[in-house]
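Sending over a structure as structure tokens; questions will come in a sec.
The values are calculated or read from the model by the stated rules, or taken from the named source; none is laboratory data. This one's a predicted model, so the numbers in the text were calculated from it and none came from an experiment. Cβ: placed from backbone, ideal geometry, glycine included. Neighbour counts: every protein chain shown. SASA here: full protein model, heavy atoms, side chains in, ligands and nucleic acids out. Shrake-Rupley method; radii C 1.70, N 1.55, O 1.52, S 1.80 Å.
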Amino acid sequence: MRAFRGEGDILALRFGTRFFTGWPVTAIRTGGPGDPHTVCTDGGEVRARAIVIATGVDYRRIGIPTIDEMVGRGVNYGAAMTAAREMEDQPVFVVGGGNSAGQAAVHLARFARSVTILIRRPDLSATMSGYLIDEIDHNPRITVRGNAAVVNGGGEEVLEWISIDDTRILPAGNLRAMSVESPADLRTSASPDFRRNQWTYGVGTLGRDAVYTLVSFYLVVYLTEVLNLPDSTMWWVSGVLLAARLLDAFLDPVVGALVDSTRSRYGQFKPWLLFGGLASGIATVLLFTDTGLTGGAFVAVFGVVVLLWGLMWSAHDISYWGMLPALSINPAERERLAAVAKTFASIGQFAAVAGVPVAVAALAGGIEGGTTGSWRTIAIILAVIMVALMLVPILAVRERTDVDLEGERTGLRELLRALFRNDQLLWAAAAYLLFMLGYGTTGAFGWYFFKYAYGDEAVFPVFALFVGLGQIAGLATFPLARRRWSRGQLFTWSTALIVVTYAVFFVAPMNIVVLGGLAFVMFFLASFIMLLMLVFQADTIEYGQWKLGRRNNAVTFALQPFINKTSAAMNTWIVSATVIIAGINEADTAADVTPGGITMMKVAMLLIPALLIIAGYAVWRRKFVIDESLHARIVAELEPELRPHGG
């Protein structure tokens, strides 16, 4: 296991790592078969079954002989974490304006009397992330000095002074020197074809999310309100839906392993995008086709089609999201890729949520089969749009070839190891699952809420307009918010405010303007949380590679459809059970439902989801430790592996 300093020590200690620092190695004696090796040091002998010699990184020196000869005596290259306590109550100068320099300055300011960042540019805006600039601006111990360069320095036993390009002589207790050639370059450099990819990749999910919304929002509505299945059949259908989606969800990691093991002239992801897209499109049409079957025969055929739909959906969903970390390792670019993709996804979701009821009503009078036929027609149209738009990333997206971001071939043993030994992936997935259980349940009740609680389902598309605008506004605002606040701050405030919004919605009057405004705020905040969850999950890929020695893009992102399907299965079951128990399934109008039934629906729609969202945040807060700083150091450690050709 690689040993980091600072937060990394805590992670290493969890796995039983022991540190011996300041003991120069004088000799190594290899042991015989079955015997340990011996490392001889100035502090004694250490016996080990295996010895790893880590030579570290080679920083570009500042190039001033009188300063370079002071390395280890007040001058440190890339050692802020280890040397910070030695600089207590000293003036410190950090040379460099990148993220690594900013992270070092923030850490050093906890101990040093003052920290001065020296940069050749006028300011930090062109080279450092916004959240770091903001943190530096608000730290009274840190000063940024632009248009400055170190030209000389020296001292007797330790560094005592440095000279800056304006010839003023300044005292210095310690100096940390950095340059743009530090290992963090790979993480902060621009990816080839990024501008092209962010749009060609993002548009590919518009149709996918429209189809997914059709199934997740309206399949139960189609079964209960169009096919008018009796309660006895609906109990079986809800059970089959739950079982099929859970089985399908547990097979997702296997599909992810197949994707990671794929090698073709078209790459790992694109063959699965095409095959899965075509097959799931056909299955979508079958789900909304009235076969004329009833009772057990209907349940059996329905179960087979639902399972087929789920497996084929996994094939392209895992491939689509697994492609994202293969396009860039730069976290800012990943956030923008995810933001554009989620924006298109929101447009697709909104189009389906608001447009499907309107389109069904408009087509019902002119299509054979009436309302039933119009649902099948809508399913066909959305399936065709999905496949057509998926051809854009298949044909136009260019994956990175200058660094090795391809997942490794994955067998069953490696699959289990990639999932269950990547603790941060599991905690991120657990937090996301709890959030989606709550958030998804709220959305799945939407149509029923407006028909039976509000009393007019025709208003639902108007409500959906507020939902869609909130999501799109949130995704558009996210990059601006990230310039001012860290991921952790955004996640905390978004969770707190969305819970408050849930509580207000529960007691709000039945007024479309009030409910619409609350929905706008709720889904605005939810878009922040979902986008952050996506980026958290992407960061666990490098963490897993660092910890386990294997990179698994698709296996890691197989947990996303697993979470979506598991939560959707539970959402559907909760809605199905609630509408049956509350008497809604047998009701024709809002007047047929008792006040107790309406209250039961509102509790299941609003209060229980709020508690699940709080639980998800608690898991993330207590267990997820990958922040921007730790991810930067992980990528720095991995750079030799990510640059297989020495790039």
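Gain in length, V52 to A27, computed as 0.36 nm per residue apart minus the alpha-carbon separation, to one decimal in nm?
7.6 nm
What net charge is computed for the residues neighbouring Y448, neighbours being all others with C-beta under 14 Å from the C-beta of Y448, Lys and Arg scored +1, Asp and Glu -1?
Spelling it out: positives minus negatives among the neighbours equals -4.
Can you pull the one-decimal nm distance between simple spin-label points at T492 and T599, each 7 Å off the Cα toward Cβ?
Going from the T492 label point to the T599 one covers 3.7 nm.
Of all accessible surface on the stretch 251-348 at a 1.4 Å probe, what whole percent is carbon and sulfur?
Here carbon and sulfur together make up 75 percent of the probe-accessible area.
Leaving ligands and nucleic acids out of the surface, order H316, H37 by accessible area at 1.4 Å, largest first.
Accessible-area ranking of H316, H37, largest first: H37, H316.
Determine the gain in length on full extension of the stretch A364-S264; use 0.36 nm per residue of separation and subtract their C-alpha separation, reporting nm with one decimal.
Once the chain is fully extended between A364 and S264, it gains 31.5 nm.
If each residue of separation counts as 0.36 nm, what is the full-extension length gain between H37 and R195 once their alpha-carbon separation is subtracted?
Length gained between H37 and R195: 51.7 nm.
How high is the FRET efficiency from R621 to R484, r the C-beta distance, R0 25 Å, rounded to 0.05?
Rounded to the nearest 0.05, the efficiency is 0.75.
Which lysines, on any chain, are close to K342 with Cα under 22 Å apart, when same-chain ones fewer than 8 places away are left out?
List returned: K270, K565.
Output wanted: per-residue J couplings in Hz (rounded whole) for the stretch 313-329, from phi through Karplus 6.51 cos²θ - 1.76 cosθ + 1.60, θ = phi - 60°, x for Gly and Pro.
5, 4, 4, 8, 6, 4, 5, 5, 6, x, 6, 4, x, 7, 8, 7, 9
Applying a 10 Å radius around every beta-carbon, put 62-71, 348-357 in order of their mean neighbour count, most first.
In descending order of packing, they fall as 348-357, 62-71.
If we sort 278-289, 588-599 on the protection proxy, mean other Cβ atoms within 10 Å, highest first, what's the order?
278-289, 588-599
Also: Largest first, how would D89, D248 line up by accessible area (1.4 Å probe)?
D89, D248
Would the stretch 278-358 count as rounded, prolate or oblate if I go by the C-alpha gyration tensor, calling it rounded below 1.5 in a/c and otherwise prolate when a/b exceeds b/c, oblate otherwise?
Here the stretch 278-358 falls in the oblate category.
So, with a 1.4 angstrom probe, what is the percent of accessible area on the stretch 413-495 that is carbon and sulfur?
Carbon with sulfur: 66 percent of the solvent-accessible area.
Net charge around T377, counting only other residues with Cβ within less than 14 Å of its Cβ (Lys, Arg = +1; Asp, Glu = -1)?
Local net charge: -1.
Give me the log10 of I(q) over I(0) for the stretch 413-519 at q = 0.21 Å⁻¹, as the Debye formula computes it from C-alpha points; what are the numbers?
The computed values of log10 I(q)/I(0) come out as -1.21.
Determine which lysines satisfy two conditions relative to K547: a Cα distance under 25 Å, and not lying fewer than 8 residues away in the same chain.
Once the sequence-local lysines are set aside, what remains near K547 is K623.
What's the ranking of 387-396, 120-129 by average number of surrounding C-beta atoms within 10 Å, highest first?
387-396, 120-129
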